[in-house]
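The values are calculated or read from the model by the stated rules, or taken from the named source; none is laboratory data. Just so it is clear, the model here is predicted, and its values are computed rather than measured. For neighbour counting, all protein chains shown are included, and Cβ atoms are generated from backbone atoms with ideal geometry for every residue, glycine included.
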Amino acid sequence: THAVMEVSSHALDQSRLAGTELSVGVVTNVTQDHFDYHQNLENYAACKAKVIHHVKQNGTVVLNCDDAVCRSFAAEVKVSQTLLTYGIHNQADITAENIQESANGSAFEILYAGSRVPVRTSLIGLHNVSNCLAAAAVCLASGLSLSEISEGIRSLGCVPGRMEQVDCGQPYTILIDYAHTDDALSHVIRSAKKVCSQRVLCVFGAGGDRDTSKRRLLGLAGSEADQVIITSDNPRSEDPMQIIEMIAEGCRTKGVTPELIVDRKEAICHALEEADAGDLVLIAGKGHECEQIIGDRRIPFSDRLVVEKYFSNSLSGNSTKIPA
(Lines give C-alpha, C1' and ligand atoms only; values in the text may rest on other atoms or scores of the structure.)
Protein backbone atom coordinates (compact mmCIF):
# COMPACT_ATOMS: atom_id res chain seq x y z
CA THR A 1 0.00 0.00 0.00
CA HIS A 2 3.03 2.27 0.39
CA ALA A 3 6.17 2.89 -1.64
CA VAL A 4 9.35 4.42 -0.21
CA MET A 5 11.76 6.17 -2.58
CA GLU A 6 15.25 7.53 -2.01
CA VAL A 7 15.45 10.50 -4.37
CA SER A 8 18.88 11.75 -5.41
CA SER A 9 19.75 15.40 -5.97
CA HIS A 10 20.54 14.46 -9.57
CA ALA A 11 17.01 13.10 -10.04
CA LEU A 12 15.50 16.27 -8.60
CA ASP A 13 17.68 18.49 -10.78
CA GLN A 14 16.87 16.48 -13.90
CA SER A 15 13.11 16.49 -13.17
CA ARG A 16 12.92 12.70 -12.98
CA LEU A 17 10.09 13.11 -10.44
CA ALA A 18 7.97 15.14 -12.84
CA GLY A 19 4.32 14.25 -12.32
CA THR A 20 5.01 12.46 -9.03
CA GLU A 21 3.14 13.54 -5.91
CA LEU A 22 4.49 12.51 -2.51
CA SER A 23 2.40 11.96 0.60
CA VAL A 24 5.46 12.62 2.74
CA GLY A 25 8.79 14.21 1.78
CA VAL A 26 11.83 13.97 4.06
CA VAL A 27 15.15 15.83 4.02
CA THR A 28 17.60 14.34 6.53
CA ASN A 29 20.66 16.53 5.98
CA VAL A 30 22.51 18.62 3.42
CA THR A 31 26.31 18.44 3.55
CA GLN A 32 28.97 18.51 0.84
CA ASP A 33 28.49 15.78 -1.75
CA HIS A 34 28.30 15.51 -5.54
CA PHE A 35 30.08 18.83 -6.06
CA ASP A 36 31.47 17.40 -9.31
CA TYR A 37 27.87 17.85 -10.52
CA HIS A 38 26.41 20.69 -8.42
CA GLN A 39 29.62 22.76 -8.06
CA ASN A 40 28.73 24.23 -4.65
CA LEU A 41 26.54 23.81 -1.56
CA GLU A 42 24.06 26.48 -2.66
CA ASN A 43 23.21 24.61 -5.86
CA TYR A 44 23.15 21.26 -4.07
CA ALA A 45 20.79 22.59 -1.38
CA ALA A 46 18.50 24.14 -3.97
CA CYS A 47 18.13 20.74 -5.64
CA LYS A 48 17.45 19.00 -2.32
CA ALA A 49 14.72 21.55 -1.50
CA LYS A 50 12.86 20.59 -4.68
CA VAL A 51 11.54 17.46 -2.95
CA ILE A 52 9.21 19.78 -0.99
CA HIS A 53 7.60 20.93 -4.24
CA HIS A 54 6.60 17.32 -4.97
CA VAL A 55 4.71 16.90 -1.69
CA LYS A 56 1.00 17.05 -2.43
CA GLN A 57 -1.54 19.36 -0.80
CA ASN A 58 -2.33 18.10 2.71
CA GLY A 59 0.91 16.11 2.55
CA THR A 60 3.68 16.29 5.15
CA VAL A 61 7.20 17.71 4.90
CA VAL A 62 9.67 16.24 7.41
CA LEU A 63 12.84 18.21 8.20
CA ASN A 64 15.83 17.57 10.47
CA CYS A 65 16.19 20.50 12.89
CA ASP A 66 19.76 19.47 13.72
CA ASP A 67 20.86 20.42 10.19
CA ALA A 68 21.05 24.16 9.54
CA VAL A 69 20.28 23.86 5.82
CA CYS A 70 17.29 21.61 6.51
CA ARG A 71 15.95 24.13 9.01
CA SER A 72 16.09 26.82 6.34
CA PHE A 73 13.87 24.68 4.09
CA ALA A 74 10.93 25.37 6.43
CA ALA A 75 10.40 28.59 4.48
CA GLU A 76 9.65 26.47 1.38
CA VAL A 77 6.75 24.60 3.00
CA LYS A 78 3.35 25.66 1.65
CA VAL A 79 0.37 26.60 3.82
CA SER A 80 -1.46 23.56 2.39
CA GLN A 81 1.31 21.23 3.63
CA THR A 82 2.07 20.07 7.18
CA LEU A 83 5.57 20.62 8.56
CA LEU A 84 6.88 17.97 10.97
CA THR A 85 10.35 18.37 12.46
CA TYR A 86 12.68 16.05 14.32
CA GLY A 87 15.98 16.47 16.12
CA ILE A 88 18.21 15.44 18.99
CA HIS A 89 20.11 18.64 19.73
CA ASN A 90 17.55 21.29 18.76
CA GLN A 91 13.91 21.90 19.58
CA ALA A 92 11.65 19.86 17.30
CA ASP A 93 8.26 18.15 17.15
CA ILE A 94 9.84 14.71 17.56
CA THR A 95 12.89 14.27 19.78
CA ALA A 96 14.92 11.59 21.55
CA GLU A 97 16.02 11.45 25.18
CA ASN A 98 17.92 9.07 27.47
CA ILE A 99 20.05 7.83 24.59
CA GLN A 100 22.33 4.87 25.33
CA GLU A 101 24.79 3.68 22.69
CA SER A 102 26.69 0.39 22.52
CA ALA A 103 28.34 -1.88 19.97
CA ASN A 104 25.10 -3.88 19.92
CA GLY A 105 22.82 -0.97 19.09
CA SER A 106 21.03 1.94 20.73
CA ALA A 107 18.27 2.48 23.29
CA PHE A 108 16.37 5.74 23.70
CA GLU A 109 12.95 7.30 24.18
CA ILE A 110 10.96 9.03 21.45
CA LEU A 111 9.02 12.10 22.59
CA TYR A 112 6.10 13.48 20.59
CA ALA A 113 3.13 15.67 21.54
CA GLY A 114 3.57 15.09 25.26
CA SER A 115 3.90 11.31 24.95
CA ARG A 116 7.00 9.15 25.07
CA VAL A 117 7.83 5.57 24.18
CA PRO A 118 10.99 3.47 24.79
CA VAL A 119 12.82 2.26 21.70
CA ARG A 120 15.58 -0.29 21.11
CA THR A 121 17.38 -0.81 17.83
CA SER A 122 20.29 -2.88 16.57
CA LEU A 123 21.43 0.16 14.57
CA ILE A 124 24.65 1.68 15.94
CA GLY A 125 25.45 5.37 16.32
CA LEU A 126 23.79 8.66 17.17
CA HIS A 127 23.20 9.35 13.48
CA ASN A 128 21.04 6.22 13.37
CA VAL A 129 19.02 7.48 16.33
CA SER A 130 18.38 10.54 14.17
CA ASN A 131 17.43 8.28 11.26
CA CYS A 132 14.96 6.46 13.52
CA LEU A 133 13.37 9.81 14.39
CA ALA A 134 13.01 10.57 10.67
CA ALA A 135 11.33 7.20 10.15
CA ALA A 136 9.09 7.84 13.16
CA ALA A 137 8.03 11.17 11.66
CA VAL A 138 7.00 9.47 8.42
CA CYS A 139 5.05 6.84 10.37
CA LEU A 140 3.27 9.47 12.47
CA ALA A 141 2.34 11.32 9.29
CA SER A 142 0.96 8.02 7.99
CA GLY A 143 -1.26 7.46 11.03
CA LEU A 144 0.76 4.97 13.08
CA SER A 145 0.93 5.14 16.88
CA LEU A 146 4.10 5.58 18.93
CA SER A 147 3.83 2.00 20.22
CA GLU A 148 3.57 0.67 16.66
CA ILE A 149 6.58 2.77 15.69
CA SER A 150 8.61 1.46 18.65
CA GLU A 151 7.85 -2.13 17.69
CA GLY A 152 8.72 -1.47 14.07
CA ILE A 153 12.10 0.04 14.93
CA ARG A 154 12.83 -2.82 17.34
CA SER A 155 12.18 -5.42 14.62
CA LEU A 156 14.47 -3.71 12.11
CA GLY A 157 17.62 -5.72 11.44
CA CYS A 158 21.05 -4.48 10.45
CA VAL A 159 21.21 -2.55 7.19
CA PRO A 160 23.98 -4.04 5.01
CA GLY A 161 26.97 -1.72 4.81
CA ARG A 162 25.60 0.75 7.37
CA MET A 163 27.52 0.33 10.63
CA GLU A 164 27.37 -3.38 9.83
CA GLN A 165 29.11 -5.52 12.41
CA VAL A 166 31.20 -8.50 11.28
CA ASP A 167 31.72 -11.14 13.97
CA CYS A 168 34.24 -13.84 13.14
CA GLY A 169 35.07 -14.57 16.77
CA GLN A 170 37.78 -11.89 16.94
CA PRO A 171 38.46 -10.10 20.28
CA TYR A 172 37.72 -6.69 18.74
CA THR A 173 34.85 -5.06 16.87
CA ILE A 174 34.66 -4.70 13.08
CA LEU A 175 32.22 -2.28 11.47
CA ILE A 176 31.64 -1.73 7.76
CA ASP A 177 30.00 1.55 6.75
CA TYR A 178 29.22 3.36 3.52
CA ALA A 179 30.37 6.75 4.89
CA HIS A 180 31.99 8.48 1.91
CA THR A 181 31.65 12.18 2.82
CA ASP A 182 33.58 14.02 5.50
CA ASP A 183 30.43 14.64 7.55
CA ALA A 184 29.39 10.98 7.44
CA LEU A 185 32.92 9.75 8.19
CA SER A 186 33.20 12.08 11.17
CA HIS A 187 29.87 10.84 12.52
CA VAL A 188 30.74 7.16 12.25
CA ILE A 189 34.19 7.61 13.80
CA ARG A 190 32.69 9.50 16.74
CA SER A 191 30.03 6.81 17.12
CA ALA A 192 32.74 4.14 17.01
CA LYS A 193 34.70 5.89 19.75
CA LYS A 194 31.64 5.91 22.00
CA VAL A 195 31.22 2.12 21.83
CA CYS A 196 34.92 1.19 21.79
CA SER A 197 37.01 0.68 24.93
CA GLN A 198 40.38 1.03 23.18
CA ARG A 199 41.50 2.34 19.76
CA VAL A 200 39.56 3.04 16.58
CA LEU A 201 41.42 2.00 13.41
CA CYS A 202 39.88 3.46 10.26
CA VAL A 203 40.36 2.27 6.67
CA PHE A 204 38.95 4.55 3.96
CA GLY A 205 39.56 6.24 0.62
CA ALA A 206 37.74 8.40 -1.93
CA GLY A 207 36.22 7.74 -5.33
CA GLY A 208 37.99 8.77 -8.51
CA ASP A 209 36.46 11.00 -11.21
CA ARG A 210 34.30 12.62 -8.53
CA ASP A 211 34.41 15.79 -6.42
CA THR A 212 38.11 16.33 -5.69
CA SER A 213 37.49 19.09 -3.13
CA LYS A 214 36.14 16.66 -0.55
CA ARG A 215 39.31 14.54 -0.44
CA ARG A 216 41.22 16.81 1.91
CA LEU A 217 38.04 17.12 4.00
CA LEU A 218 37.86 13.33 4.23
CA GLY A 219 41.43 13.37 5.54
CA LEU A 220 40.50 15.93 8.18
CA ALA A 221 37.55 13.80 9.27
CA GLY A 222 39.51 10.55 9.18
CA SER A 223 42.21 12.02 11.41
CA GLU A 224 39.78 11.68 14.33
CA ALA A 225 40.56 7.94 14.37
CA ASP A 226 43.42 6.62 16.50
CA GLN A 227 45.06 4.87 13.53
CA VAL A 228 44.40 6.01 9.97
CA ILE A 229 44.88 3.78 6.94
CA ILE A 230 44.12 5.44 3.59
CA THR A 231 43.51 3.18 0.62
CA SER A 232 41.69 2.94 -2.71
CA ASP A 233 37.93 3.25 -3.01
CA ASN A 234 36.77 3.23 -6.64
CA PRO A 235 39.68 5.03 -8.34
CA ARG A 236 38.09 4.73 -11.79
CA SER A 237 40.37 6.46 -14.35
CA GLU A 238 42.52 8.28 -11.78
CA ASP A 239 45.85 7.29 -10.26
CA PRO A 240 44.91 5.70 -6.89
CA MET A 241 48.01 7.03 -5.13
CA GLN A 242 47.27 10.58 -6.26
CA ILE A 243 43.82 10.34 -4.66
CA ILE A 244 45.32 8.86 -1.49
CA GLU A 245 47.89 11.65 -1.24
CA MET A 246 45.17 14.30 -1.54
CA ILE A 247 43.32 12.68 1.38
CA ALA A 248 46.54 12.34 3.38
CA GLU A 249 47.11 16.09 3.09
CA GLY A 250 44.03 16.62 5.24
CA CYS A 251 45.31 14.20 7.88
CA ARG A 252 48.72 15.85 8.00
CA THR A 253 47.05 19.24 8.52
CA LYS A 254 45.82 17.78 11.82
CA GLY A 255 49.29 16.49 12.70
CA VAL A 256 48.30 12.90 11.91
CA THR A 257 50.59 10.67 9.83
CA PRO A 258 48.40 8.14 8.01
CA GLU A 259 49.45 4.81 6.55
CA LEU A 260 49.05 4.67 2.78
CA ILE A 261 48.21 1.29 1.22
CA VAL A 262 46.93 1.38 -2.36
CA ASP A 263 45.50 -2.16 -2.45
CA ARG A 264 42.22 -2.08 -0.50
CA LYS A 265 42.38 -5.77 0.39
CA GLU A 266 45.87 -5.36 1.83
CA ALA A 267 44.79 -2.24 3.72
CA ILE A 268 41.87 -4.04 5.35
CA CYS A 269 44.00 -7.04 6.26
CA HIS A 270 46.69 -4.76 7.69
CA ALA A 271 44.11 -3.11 9.95
CA LEU A 272 42.92 -6.53 11.13
CA GLU A 273 46.52 -7.54 11.84
CA GLU A 274 47.11 -4.35 13.82
CA ALA A 275 43.95 -4.55 15.94
CA ASP A 276 44.15 -5.68 19.56
CA ALA A 277 41.51 -6.80 22.04
CA GLY A 278 39.00 -4.02 22.71
CA ASP A 279 39.85 -2.10 19.52
CA LEU A 280 37.39 -1.26 16.76
CA VAL A 281 38.22 -1.52 13.06
CA LEU A 282 36.06 0.76 10.92
CA ILE A 283 36.12 0.02 7.18
CA ALA A 284 34.46 2.97 5.47
CA GLY A 285 33.48 4.18 2.04
CA LYS A 286 32.11 1.19 0.13
CA GLY A 287 29.68 -0.38 2.58
CA HIS A 288 27.31 -2.72 0.75
CA GLU A 289 29.07 -2.44 -2.62
CA CYS A 290 30.10 -5.72 -4.23
CA GLU A 291 32.54 -4.41 -6.83
CA GLN A 292 35.51 -2.08 -7.16
CA ILE A 293 35.90 0.15 -10.22
CA ILE A 294 39.53 0.37 -11.37
CA GLY A 295 40.07 1.95 -14.77
CA ASP A 296 37.31 0.64 -17.00
CA ARG A 297 37.05 -2.66 -15.09
CA ARG A 298 34.43 -3.61 -12.53
CA ILE A 299 36.09 -6.15 -10.26
CA PRO A 300 34.08 -8.24 -7.76
CA PHE A 301 34.97 -6.87 -4.32
CA SER A 302 33.29 -6.88 -0.92
CA ASP A 303 34.75 -5.43 2.27
CA ARG A 304 32.79 -7.98 4.28
CA LEU A 305 34.06 -10.93 2.23
CA VAL A 306 37.65 -9.71 2.61
CA VAL A 307 37.21 -9.73 6.39
CA GLU A 308 35.58 -13.16 6.42
CA LYS A 309 38.29 -14.64 4.16
CA TYR A 310 40.99 -13.11 6.34
CA PHE A 311 39.75 -14.99 9.38
CA SER A 312 39.04 -18.12 7.36
CA ASN A 313 42.67 -18.12 6.21
CA SER A 314 43.83 -17.45 9.77
CA LEU A 315 41.95 -20.46 11.08
CA SER A 316 43.30 -22.66 8.29
CA GLY A 317 46.88 -21.73 9.21
CA ASN A 318 47.67 -19.44 6.28
CA SER A 319 50.56 -17.34 7.56
CA THR A 320 49.95 -14.31 5.34
CA LYS A 321 46.29 -13.99 6.36
CA ILE A 322 45.69 -12.05 3.15
CA PRO A 323 42.91 -13.75 1.15
CA ALA A 324 43.59 -14.69 -2.43
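General observations
- Qualifying residue in the range 227-240 (condition: of a type in the set (Lys, Arg) and touching a helix residue (DSSP H, G or I) at 6+ places or on another chain (Cβ under 7 Å)): no
- Residue in the range 74-97 that is in the same structural domain as ARG120 (by TED's automatic domain parsing), within 21 Å of LYS214 (Cβ to Cβ) and without any contact (Cβ under 8 Å) to a residue 40 or more places away in the chain present: no
- When ALA113 is tested against the conditions (1) on the phi > 0 side of the Ramachandran plot; (2) crowded, with 20+ Cβ neighbours inside 10 Å; (3) more than 15 Å from the chain's Cα centre (by Cα); (4) not polar (S, T, N, Q), the lone failure is (2).
- Qualifying positions in the range 122-158 - within 18 Å of LEU83 (Cβ to Cβ) and outside any helix (DSSP H, G or I): SER142, GLY143
- For the range 175-182, the criterion of being over 20 Å from GLN32 (Cβ atoms) and either crowded, with 19+ Cβ neighbours inside 10 Å or of a type in the set (A, V, I, L, M, F, W, C) (or both) is satisfied by at least one residue.
- The condition (being assigned to a loop (DSSP other than H, G, I, E, B), modelled with pLDDT of 95 or more and either crowded, with 19+ Cβ neighbours inside 10 Å or in contact with a strand residue (DSSP E or B) (Cβ under 6 Å, 6 or more places away or on another chain) (or both)) is satisfied by just one residue among GLY219, GLY161, GLY255: GLY161.
- Check on ARG298, surrounded by fewer than 18 Cβ atoms within 10 Å (Cβ to Cβ) and part of a strand (DSSP E or B): yes
- Within the range 13-33, the residues that satisfy the criterion of being in contact (Cβ under 8 Å) with a residue 40 or more places away in the chain and either more than 28 Å from GLY143 (Cα to Cα) or surrounded by 15 or more Cβ atoms within 10 Å (Cβ to Cβ) (or both) are VAL24, VAL26, VAL27, THR28, ASN29, VAL30, THR31, GLN32, ASP33.
- Qualifying residue in the range 171-185 (condition: more than 26 Å from THR231 (Cα to Cα) and not in a strand (DSSP E or B)): no
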